[in-house]
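Read the figures in this text as sums done on the coordinates, not as results from a lab. These figures come from a predicted structure and were not determined experimentally. Every residue, glycine among them, receives a Cβ derived from its backbone with ideal geometry; neighbour counts consider all protein chains shown.
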């Protein structure tokens, strides 16, 4: 064995909570690149989900609510106008 030792974790106690420090980077460059791409994909997926929720909730729900209010107020106005001519 050479002088290289696997010192991946050193545990230093600080009060009741142990502090774990990583000295040796155990990830390879390829693993780091794959993890970065995975984080990017998760971020894009969350962003897409947020946009879909925005469109469904804000655009569709609020526009149908406003159209329903206009329809009810128009019907109410129509009913009052026809009742006043009787």
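For segment 28-84, state the average projected area of the convex hull of the C-alpha atoms over all orientations, rounded to one decimal in nm².
On the way: hull surface 12.2 nm².
Spelled out: convex hull of the Cα atoms, projected over all directions, averaged, 3.0 nm².
Backbone N atoms of segment 35-49 closer than 16 Å to the 7 Å Cα→Cβ label point of residue 56 belong to residues 45-49. Computing FRET efficiency as 1/(1 + (r/R0)^6) for residue 66 and residue 31, where r is the C-beta to C-beta distance and R0 is 41 Å, gives about 0.20.
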